[in-house]
Every structure is written in structure tokens, then in C-alpha cells.
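What follows draws every value from the coordinates through simple rules; no lab data is involved. Note that the structure is predicted; figures quoted are calculated from it, not measured. All Cβ positions, glycine included, derive from the backbone under ideal geometry; neighbour counts span all protein chains shown.
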Amino acid sequence: AQVFQAEFIKSSVRTEDCPSDGLPEFALVGRSNVGKSSLLNSIVRRKKLALTSKKPGKTQCINHFKVNDSWYLVDLPGYGYASAPQELRTDWNKFTKDYFLNRSTLVSVFLLIDASIPAKKIDLEYASWLGQNQVPMTLIFTKCDKRKKKKNGGKRPEENVNEFQELIRDFFETAPPWIMTSGVTNQGRDEMLLHMAQLRNY
Ligand code: GTP
Ligand code: MG
């Protein structure tokens, strides 16, 4: 699985406005600052395809990036940005939920979880909602290159990853697939590409 081409296609505010060519897609979601844009850039090996400078909590769009002219990576607004107004913070309840439930070409939601810190309540809530609604999802652990730090709970990424999976176990009938990644070292890049190729070929 290789990426030889990637291009930004469009930003949509409603599910109905998303591209209608029927190509399969994978959506990246996660807390603000979890590393969504960095991961997207790492997958397509382009430093700046997805803007890492966008103001967190402000993006209210579904951004479609077409890869190899045959599938999409979708960048969604980050959630849980503490300083955003309440109505923006809870906005995923509206159009992101609608997108998850009604986008027929959505193959899997990639829920990004920061592996350098302990599980956050909002991430557990998000995973719970996806599980309850049987939205197909893959757990993508980010920042796995980071060393353990006392101020971050003093655990290694592997330990945080295991704990997170333990905490969400009851939300799913079968445990979702998971991949450990880093936008810095490109760890997990090939595994993600292979995973997406396998899901597309179902
Ligand atoms: P928003 O768009 O604000 O929701 O954030 P985002 O999820 O797109 O995160 P972004 O990719 O902008 O990265 C946020 C910060 O984390 C930046 O300072 C990145 O350099 C850093 N970062 C992202 N991925 C990694 C990673 O894998 N390892 C390390 N060490 N830092 C990372
Ligand atoms: Mg971003």
C-alpha cells in the first residue's frame, strides 16, 4: 500500500454536501491537539496538506482529501477544546454525529487517542457513543514516540494504550482494531495504509 497522490477536494458543513462520487473514506477524529493533522500529513507524506496551524475548536467543517484518486481521508473538527464556546464544544453532537450515522461511504472512523497521557473522560465518552451506535471504528494511538513524564502520569505509551483499551472494553461487542502511531517518527504509517487497504477490499 503506497500513497502516490493526495489532494484537498473540499470542505463541507453538512453530510449532504460531501463528495458524491461514492469512493470509500476514513475519518480522523479526536481531541484538539491530539495530532490529527500531523498524522494525516504523515500518511500522505506531505508536510502541509492538512493545516496544523488551524485554530483549534474553530473548524466546523468536514474536509475531504482524495488519495490516489481512489479513496478519501477526512479531517473532522477536533473536540474538547476547553476554551471554545459551549455551543462549539458540543457541536460534534450535531453535524459530526449526523456524518457518522448517515455517510454511507464511511468505512471506518479513526478515533485518535493521545498515548502520552492517561485516558481522558471525553475520549471515553466519544468511544462509548461510537460503540453504542455501532459505528465501525479503529483506535489510533498518537504521539507514541513520547517518553513517559511525571507530569503526564508517569506511564509509558504502551501502558496508557493498554489502560485505554481496558476502559472501553464494555462499549464494544468485539474490541476495535488499534494501531500505535507517531507523526514524528512515522511509526504506524505502513500499518495504517495496510489496514485501510484491507478494509477497502472487503
Ligand atoms: P487541532 O487541529 O487543533 O484539533 O489539532 P490536531 O489534532 O490537528 O493536532 P496537530 O497535528 O496540529 O498537532 C498538535 C501538536 O502536537 C503539534 O505541536 C504537533 O507538533 C504535536 N504532535 C502531533 N503529532 C505528534 C506525535 O506523533 N509526536 C509528538 N511528539 N508530537 C506530536
Ligand atoms: Mg488539525
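Overall shape: rounded for the chain, with the ratio a/c of the largest to smallest alpha carbon gyration tensor axis below 1.5. In order along the stretch 117-129, the phi-based Karplus estimate (6.51 cos²θ - 1.76 cosθ + 1.60, θ = phi - 60°) of 3J(HN,Hα) comes to 9, x, 4, 9, 4, 5, 5, 5, 5, 5, 4, 4, 5 Hz; Gly and Pro are listed as x.
Per residue, the chain reaches -8000 deg cm²/dmol at 222 nm when only DSSP H runs of four or more residues are counted, each adding -39500 (n - 2.57).
When only the Cβ of Lys, Arg, Asp and Glu is charged (+1, +1, -1, -1), the dipole of the stretch 6-200 relative to its Cα centre reaches about 1060 debye.
Positive end of the charge dipole of the chain (Lys, Arg +1 and Asp, Glu -1 on Cβ, about the Cα centre): tell me which of Y72, S182, S11 has its Cα farthest that way. Farthest towards the positive end: S182. Converting phi to 3J(HN,Hα) with the Karplus coefficients 6.51, -1.76 and 1.60 and the offset θ = phi - 60°, the stretch 167-178 yields 5, 9, 3, 6, 7, 10, 5, 10, 4, x, x, 9 Hz in sequence order, with x at every glycine or proline. With a cut-off of 18 Å on the backbone N, the residues of the stretch 1-44 near the modelled label site 7 Å out from D190 along Cα-Cβ are 1-4, 42-44.
Peptides 31-40, 125-134 ranked from most to least packed by the mean count of surrounding Cβ atoms within 10 Å: 31-40, 125-134. With θ taken as phi - 60° and the Karplus curve 6.51 cos²θ - 1.76 cosθ + 1.60 applied, the whole-hertz 3J(HN,Hα) list for the stretch 9-19 is 9, 6, 9, 10, 9, 10, 4, 5, 8, 5, x Hz, x standing for glycine and proline. Counted over the stretch 6-200, the DSSP beta bridges are approximately 35% antiparallel.
Less than 5 angstrom separates the built amide H of K10 from those of H64, all sequence-distant by 5 or more or on a different chain.
Note on the stretch 132-180: with charges restricted to the Cβ of Lys and Arg (+1) and Asp and Glu (-1), its dipole about the Cα centre is near 600 debye.
Taking amide H as placed 1.01 Å from N in the peptide plane, V34 has no amide H partner under 5 Å among residues 5 or more places away or on another chain. Between amide H atoms placed 1.01 Å from N, distances below 5 Å from V184 occur with no residue 5 or more places distant or on a separate chain.
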